[in-house]
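**Q** Dropping the structure in here first, questions after.
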Amino acid sequence: MLFDGPPRLHDWTKLYQLAVVETDPERLPHRVSDARNAILDRIEETHTKPRAYQERQQLTDALNALRVIQLDYESRIHRYSESRQKTG
């Protein structure tokens with residue numbers, strides 16, 4: 001997802017929220033990827049800022065949640081392909 005100008009402080013939260021609420025399995029990987037990239041960019045921006053501890057914790061929590069979403073998605077894809085192989 002492209003933004004005009006430099007990234008703003010909470011752009012990552014918008015992308016994260018879009019990934020969390022995405023229900024279309026075809027769009028989910030892209031949403032997760034966009035959110036993960038924005039979070040990693042923000043972690044890099046805050047790496048040297050000592051007062052950013054609370055935000056870095058939020059970023060870490062969001063990355064962990066995205067990992068769970070991605071793993072759940074991959075598990076569903078795997079189960080779907082297995083069930084298609086058994087019936088087809």
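**Q** How many residues are in a helix (DSSP H, G or I) and under 23 Å from the mean Cα position of the chain (by Cα) when one looks only at the stretch 46-88?
**A** Let us first name the residues in the stretch 46-88 that are in a helix (DSSP H, G or I), namely 46, 50-87.
Those still in the list that are under 23 Å from the mean Cα position of the chain (by Cα) too: 46, 52-80.
Of the residues in the stretch 46-88, 30 are in a helix (DSSP H, G or I) and under 23 Å from the mean Cα position of the chain (by Cα).
**Q** Something else: Could you pull out the residue among Arg42, Arg36 that is modelled with pLDDT of 95 or more and on the phi < 0 side of the Ramachandran plot? Give the derivation first.
**A** Working: Arg42 fails: modelled with pLDDT of 95 or more.
Every option except Arg36 fails the conditions.
**Q** Just to be sure I understand, how many residues within the stretch 60-76 are more than 13 Å from Ala35 (Cα to Cα) and in contact (Cβ under 8 Å) with a residue 24 or more places away in the chain?
**A** Total meeting the criteria: 2.
**Q** In the stretch 14-45, which residue that is assigned to a helix (DSSP H, G or I) and among the acidic types (Asp, Glu) is farthest from Ala65 (Cα to Cα)?
**A** Glu45
**Q** While we're here: Report every pair of residues separated by at least 6 positions or lying on different chains whose Cβ atoms are under 6 Å apart, first residue within the stretch 25-52 and more than 15 Å from Glu74 (Cβ to Cβ), second part of a helix (DSSP H, G or I) and of a type in the set (Gly, Ala, Ser).
**A** Once the first residue is more than 15 Å from Glu74 (Cβ to Cβ) and sits in the stretch 25-52, its partners that are part of a helix (DSSP H, G or I) and of a type in the set (Gly, Ala, Ser) give Ala35/Ala19; Ile39/Ala62; Thr46/Ala52.
**Q** Take Thr23 and tell me if it is at pLDDT 90 or above and surrounded by 10 or more Cβ atoms within 10 Å (Cβ to Cβ).
**A** When the stated conditions are applied, Thr23 does not pass them.
The values are calculated or read from the model by the stated rules, or taken from the named source; none is laboratory data. Computed from a prediction, not measured in an experiment: that's the story for all the values here. Because the Cβ atoms are built from the backbone with ideal geometry, glycine has one as well, and the counts that use them run over all protein chains shown.
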